Amino acid sequence: MTDTSRLRIVGRRVELDAELAQSLIARGITQLAVDSDQVRVCGEFTLPGGSVHIRCRELDGVEPVIDVSACTPPPPWSEAKAPNGTPRELDGQAGQDGVTGMHGGSIHIACQRIASPPRLLACGSPGGDSQGGGNGLKPTTPSANEGKFNKDKTGGTYGGKVLKKFGLSYFLSVAYGQKGHDGGKGGDGGPPGMPGRGGDGGRIEVTFGETSPAIDARVEPGMPGVSGAAGKGAGGGAAGPGGLHRLYRYEWLKKTFEVPMNSRRAEVAEARKAYKLSQRAAAGRAGAKGKDSTVQPKAKAGASGTARCQSTTPVDLAANFDADYLRKVTAWAEQALECTETESATTIARWALTLLDAGAAADEATTLRQALEQLLSRIEPSALEAEVLTS
């Protein structure tokens, strides 16, 4: 199966710019190899987290930047904090972890000459921020029940008593309401998730033959993500009010009634005053407040990458150029000659011969050398003839 994430660009002159980079990203290409005689980098060429491998004779550009730094991955959550507590589970939920930062890509350049030193970036991305913890929920305190008389009206489910009885002609009693419920403990705040670790810096290796101005190469690690906010504890449930007492009265030749103690009937007011009755049973106690989460997890930065930019010996430089590349060089020299670019053809061919002299493509060196020397033999006599005619 073809790997559609890889692309090799081959040509005598290749230009890398932002438009090309965007096109590659749109096609899902993350690994780019360039074999060329002259590579020109115009502005910023950005391939996030990818790899760029360049082999050429000359590297040039206008404010050139090659950037394979990683992009921060999107968080796996959409809300800034986890869900709050629910009536069934009062504690706030724990936040989700941040994602680990992506690692920086790689840049490898092998060339004879760097005319315009590029800025090279292969930094790791920051780790993802973690999701904040959910807040606890304040519990709802259930209502207490009103007093409920027993069958003979002498008391009730939650207690009561006969206040006054006069033979069979008068009967007054109270059924107490249920004592108020205590408020429940508030839900605790949920802890935030663990932030993501920063991505590692990538790798940059630049090998060149001729001395070059300093190259700005950066392989910095990504910083860790930031922890989300800790969840807050909720207040405790309110003290539940006591249930209403109920009053029952039977009086001969008058209408019997049973009413709650907050009724506005005159008889209720009289009974409350005479027997020092309250409207309700005692209230419950307020619940304790839930705990705020104090967790603030911290992640680590990524590891630094490696960068090596140096002038090297002809032998070490030649090791980067195989027979396949040198066959292309021969074709580029032929192309230049066909375009009557004699000087360019000569420069290209002679550089290829220096690579062969330094040990490049040892298995096919003889064949490649013959082709290059034949090409030069077609150029140099013409140059001599032109010199004679000029004289």
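The values are calculated or read from the model by the stated rules, or taken from the named source; none is laboratory data. Since this is a predicted model, take the numbers as computed values, not measurements. Ideal geometry is used to build each Cβ from the backbone, glycine not excepted, and the neighbour counts take in all protein chains shown.
Return the residues of segment 232-274 that are in contact with a Pro (Cβ under 7 Å, 6 or more places away or on another chain) and part of a loop (DSSP other than H, G, I, E, B); say none if nothing qualifies.
Kept after step one, since they are in contact with a Pro (Cβ under 7 Å, 6 or more places away or on another chain), are these residues of segment 232-274: 237, 240, 244, 246.
Residues satisfying the conditions are G237, G240.
Mind listing whichever residues of segment 31-48 are touching a residue at least 60 places away in the same chain (Cβ under 8 Å) and within 12 Å of D67 (Cα to Cα)?
Selection gives V41 alone.
Out of the residues in segment 329-350 that are touching a residue at least 60 places away in the same chain (Cβ under 8 Å) and surrounded by 19 or more Cβ atoms within 10 Å (Cβ to Cβ), which is farthest from I54 (Cα to Cα)?
A336
Determine which member of the set R119, R197 is out of contact with any helix residue (DSSP H, G or I) (no Cβ under 8 Å at 6 or more places or on another chain), assigned by TED's automatic domain parsing to the domain that holds E58, touching a residue at least 60 places away in the same chain (Cβ under 8 Å) and surrounded by fewer than 20 Cβ atoms within 10 Å (Cβ to Cβ). Give the derivation first.
Numbers: R197 fails: surrounded by fewer than 20 Cβ atoms within 10 Å (Cβ to Cβ).
Going through R119, R197 in turn, just one is out of contact with any helix residue (DSSP H, G or I) (no Cβ under 8 Å at 6 or more places or on another chain), assigned by TED's automatic domain parsing to the domain that holds E58, touching a residue at least 60 places away in the same chain (Cβ under 8 Å) and surrounded by fewer than 20 Cβ atoms within 10 Å (Cβ to Cβ): R119.
Scan the helices (runs of 4 or more DSSP H) fully inside segment 314-359 and keep the ones with 3 or more residues being among the hydroxyl-bearing types (S, T, Y).
Ranges flagged: 342-357.
Among the residues of segment 139-188, count how many are farther than 30 Å from Y250 by Cβ and in contact with a Gly (Cβ under 6 Å, 6 or more places away or on another chain).
So the answer is 10.
Rundown of residues vs (1) in a loop (DSSP other than H, G, I, E, B); (2) modelled with pLDDT of 95 or more, yes/no style:
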residue: K138; (1), (2): yes, yes
residue: T141; (1), (2): yes, yes
residue: N145; (1), (2): yes, yes
residue: K151; (1), (2): yes, no
residue: Y158; (1), (2): yes, yes
residue: V162; (1), (2): no, yes
residue: S173; (1), (2): no, yes
residue: G177; (1), (2): yes, yes
residue: H181; (1), (2): yes, yes
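Answer yes or no: is there a residue in segment 173-181 that is closer than 30 Å to T256 by Cα, among the hydrophobic types (A, V, I, L, M, F, W, C) and in contact (Cβ under 8 Å) with a residue 60 or more places away in the chain.
There is at least one residue in segment 173-181 that is closer than 30 Å to T256 by Cα, among the hydrophobic types (A, V, I, L, M, F, W, C) and in contact (Cβ under 8 Å) with a residue 60 or more places away in the chain.
Restricting to segment 200-229, give me the number of residues that are in a loop (DSSP other than H, G, I, E, B) and surrounded by 22 or more Cβ atoms within 10 Å (Cβ to Cβ). If you could, list the steps in order and put the result at the bottom.
Within segment 200-229, the subset in a loop (DSSP other than H, G, I, E, B) is 200-202, 209-215, 219-229.
From what is left, the residues that are surrounded by 22 or more Cβ atoms within 10 Å (Cβ to Cβ) are 200-202, 209, 219, 221-222, 224-225, 227-228.
Residues that pass the stated criteria total 11.
Can you run down the residue pairs with Cβ atoms below 6 Å, 6 or more apart or on separate chains, where the first is in segment 358-371 and surrounded by fewer than 16 Cβ atoms within 10 Å (Cβ to Cβ) and the partner is assigned to a helix (DSSP H, G or I) and among the β-branched types (V, I, T)?
G359/V315
Which one is surrounded by the most Cβ atoms within 10 Å (Cβ to Cβ), of the residues in segment 273-308 that are more than 23 Å from P139 (Cα to Cα) and in contact with a strand residue (DSSP E or B) (Cβ under 9 Å, 6 or more places away or on another chain)?
Going through the qualifying residues, I end up with G305.
Considering only residues of segment 69-110 that are of a type outside the set (A, V, I, L, M) and within 30 Å of D35 (Cα to Cα), which is surrounded by the fewest Cβ atoms within 10 Å (Cβ to Cβ)?
Filtering segment 69-110 for residues of a type outside the set (A, V, I, L, M) gives 69, 71-79, 81, 83-89, 91-93, 95-98, 100-101, 103-106, 108.
Filter once more, so that each one left must be within 30 Å of D35 (Cα to Cα): 69, 71, 103-106, 108.
On the way: S69: 25, C71: 13, H103: 24, G104: 32, G105: 26, S106: 20, H108: 16.
Step by step, filter segment 69-110, then rank; the result is C71.
How about segment 239-262: which of its residues are surrounded by 20 or more Cβ atoms within 10 Å (Cβ to Cβ) and of a type in the set (A, V, I, L, M, F, W, C)?
Residues of segment 239-262 surrounded by 20 or more Cβ atoms within 10 Å (Cβ to Cβ): 240, 242-249, 261.
Within segment 239-262, L244, L247, M261 meet the criteria.
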